[in-house]
1. Excluding Val99 itself, calculate the net charge of residues whose Cβ lies under 15 Å from the Cβ of Val99, where each Lys or Arg counts +1 and each Asp or Glu counts -1.
2. Would you mind putting 24-30, 86-92, 44-50, 3-9 in packing order, based on average other-beta-carbon counts within 10 Å, highest first?
3. Scattering from the C-alpha atoms of the range 74-118 alone, worked out with Debye: what is log10 I(q)/I(0) at q = 0.16, 0.21, 0.31, 0.32 1/Å?
4. Which net charge results for the neighbourhood of Phe129, defined as the other residues with beta-carbon distances under 10 angstrom from its beta-carbon, given Lys and Arg at +1 and Asp and Glu at -1?
5. Write down the radius of gyration of the range 2-131 and its Dmax, each obtained from C-alpha positions, in Å.
Amino acid sequence: MLVELGTGTAWTTIALALADPARTIVSFDIVERERAAYLALVPDSVQRRITFVTAPAEDGPGGLNGVELLFVDSSHERDPTLAQIAVWRPALAPGAVVVFDDYGHPDYPGVAQAVAALGATGTVRASMFLWQPA
């Protein structure tokens with residue numbers, strides 16, 4: 001299972017679903033931004049594998065467990081990002097990967113600050129930091 005924190009327009013959500021036809025995604029955001037227009041571009045078979053939750057990422061996983069990939073693209077600020085990782089980390093499956101989007105982006109220094117505060121070591125790919133917590 002993949003969890004996305006920060007749905008936005010759901011463009012990334014849809015791309016992640018299209019990349020793997022067996023993947024299910026649960027995406028959290030506090031507001032809905034034009035999702036329907038983008039969802040209308042993909043088949044129902046893709047839409048059925050996506051669940052949208054209108055809630056802050058800081059509320060945590062609820063009953064979700066076994067998260068294999070946590071895609072963090074929400075507040076972009078240091079402290080809220082750290083709070084999100086703290087509540088979601090127990091829900092991660094062994095060997096899970098956490099991806100911080102907009103890492104190194106000059107408009108979002110909080111992402112890199114959160115990664116540094118975590119002491120995370122990983123790989124930078126494009127504008128993403130990939131971390132596999134122990």
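No lab work stands behind these numbers, since they all come straight from the coordinates. Only a predicted model underlies this, so the values are computations on that prediction, with no experimental measurement involved. Glycine also receives a Cβ, built like all others from the backbone with ideal geometry; neighbour counts cover every protein chain displayed.
1. -3
2. 3-9, 24-30, 86-92, 44-50
3. Rounded to two decimals, the profile gives -0.40, -0.66, -1.15, -1.19.
4. -1
5. Reported Rg and Dmax, both Å: 14.1, 41.
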